[in-house]
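Let me begin by presenting the structure, written as structure tokens, before commenting on it.
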Amino acid sequence: MNPTTPLSELSSEELVQRVESGEPLRVLDIRGNVASGRVDIVPEERYANIRGSEIMGMGDRIQQAFPADGPVAVVCERGNSSKQIAAYLNLRGYNASSLRGGMASWGMAVIARPLPPPPGCDLFVQFDRIAKGATGYLIASKGKGVIVDPPRKAQPYLEAAKDHGVTIVAVADTHAHADYLSGGPSLSHALQIPYYLHPGDAILPYDGTPARLEYQAADDGVEIPFGGAALRVMHTPGHTLGSVCFLVGDAVSMTGDFIFVNSIGRPDLGGKAEEWTKDLWKSLERARREWKGEMMLYPAHYASDTEREADRSVGRSFAAIQEKNQPLHFKDEASFTAWVMQKVGGSPEVYKRIKAVNLGLIDVWDEEAQEMDCGRNECALG
């Protein structure tokens, strides 16, 4: 590389797209502390963690520690030091780019994946937040749309709506999230549209403190109209007291943290494992009674790529999920409860603070919010 050649940068979304297209890209993480998470979409053998200071001291010996056999994405905390290291590597024969914004950007990166719209709808998009293992949705009919489970920075959702000529008329959360900061209340305020949340989740479960935010009650059976369609609320407590699914007829259920592709939502994050396990069993029994096997279930989280389809989306028919999802195989409550109690355990302490922020009980600065929001979810049993 010529020293005057402009340094190549790539966005987090570009990194995902290149890896998913099959490009043999390597990730070089130059941070000293990677405990908060890493760019984990490349295989283990194509990831390396070497401090930037160590790399600068290696000279040409760097190729003994890190191969120069293909494109490299250099990652630091905020995308500053990675520029320097990428330039240093390129002078030694590498094809290196700096990840723009570093891990701060990676933590919020969202990939939009189109889904087949259910009857009555003409747009359905799943937004995949890779670093968190979280998904949110935009569903629309006749130019009107609803956003479900948005993250703190929901610009990709708004851009998609604008690109498709959709006006957002409501925003909704399937539950009061504990693993990430919701963008629901802020979108409601900015767009002057209703924010839907079940009243059971409008309190802090640890001490009963009521939420300080405006919301519309997403009670069981409530319908949220948009264009020529509507989302119907199905109350499915267990992961939280106010956990709900949003249904479009018998075709689609956005299940939140109720049912995942390979597991179900933990009932212990509110400190009431035994009580909420009973609720969870009742909710599963209701779903088995009322949902058709061909209904498509789209959750709010996934744990690994094994839960993806060939098009990289996350979601399967209820019949397919029931076939392989272990907790859905139990035939009686006692066996189910015993299994759950073997799986529950400690959760990140920050989850309590995140839930308080989502209920409007405390305010945090953007830098603290970013720190709270990082890392993969721990919401599934298993």
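Please treat every number below as a calculation from the coordinates, not as lab data. Only a predicted model underlies this, so the values are computations on that prediction, with no experimental measurement involved. We place every Cβ from the backbone using ideal geometry, glycine too, and count neighbours over all the protein chains shown.
Values as computed for the structure displayed
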| item | result |
| --- | --- |
| Amide H within-cut-off set for Ala109, under 5 Å, with H built and near neighbours excluded | Ala131 |
| Whole-Hz couplings from phi, Karplus 6.51/-1.76/1.60, listed for the range 205-219; x for Gly and Pro | x, 6, 9, x, 4, x, 5, 10, 7, 8, 8, 9, 6, 8, 6 |
| Which of Glu77, Glu159 has the fewest Cβ neighbours within 10 Å, and the rest in rising order | Glu159, Glu77 |
| Distance (nanometres) between label positions extended 7 Å along Cα→Cβ at Glu23 and Ala319 | 4.0 nm |
| FRET efficiency estimate (nearest 0.05) - Cβ-Cβ, Ala68 to Phe330, R0 56 angstrom | 0.60 |
| Candidate aspartates and glutamates for bridging to Lys355, where Cα separation is under 15 Å - those fewer than 8 sequence places away on the same chain excluded | Asp149, Asp173, Asp179, Asp201, Asp207, Asp257, Asp268, Asp363, Glu368, Glu371, Asp373, Glu378 |
| Under 23 Å from Lys83, Cα to Cα: lysines that are on another chain or at least 8 residues apart | none |
| Expected 222 nm ellipticity per residue - DSSP helices of 4 or more, -39500 (n - 2.57), all of the chain, to 500 | -7500 deg cm²/dmol |
| Per-residue HN-Hα couplings for the range 182-197 [Karplus 6.51, -1.76, 1.60; θ = phi - 60°; Hz; x = Gly/Pro] | 6, x, x, x, 5, 5, 4, 5, 5, 9, 6, 10, x, 10, 9, 8 |
| Spin-label pair Tyr206/Glu274, simplified geometry with 7 Å Cα→Cβ offset, distance in nm | 2.2 nm |
| Mean Cα-pair separation over length for the chain, i.e. relative contact order, pairs under 8 Å, 6 or more apart, % | 13 percent |
| Among Ile62, Ile85, Ile168: highest mean-square fluctuation, GNM of the chain, C-alpha pairs under 10 Å | Ile62 |
| Calculated from backbone phi, Karplus (6.51, -1.76, 1.60) coupling profile of the range 53-69 in Hz, x at Gly/Pro | 5, 5, 4, 4, x, 7, x, 5, 6, 4, 5, 6, 9, 9, x, 10, 9 |
| Among beta bridges that DSSP assigns inside the chain, antiparallel share in %, nearest 5 | 60 percent |
| Mean Cβ neighbour count within 10 Å, used as a protection proxy, ranking 115-124, 351-360 highest first | 351-360, 115-124 |
| Greater than 25 Å apart at Cα, pairs in Lys282/Lys324; Lys153/Lys352; Lys162/Lys352 | Lys162/Lys352 |
| Linear extension gain, Arg78 paired with Ser11, 0.36 nm per residue minus alpha-carbon span | 22.9 nm |
| Inter-site label distance for Ala48 and Asp363 at 7 Å from Cα along Cβ, in nm | 4.7 nm |
| Residues with amide H under 5 Å from that of Leu231, placed H, sequence gap 5 or more | Ile224, Phe226 |
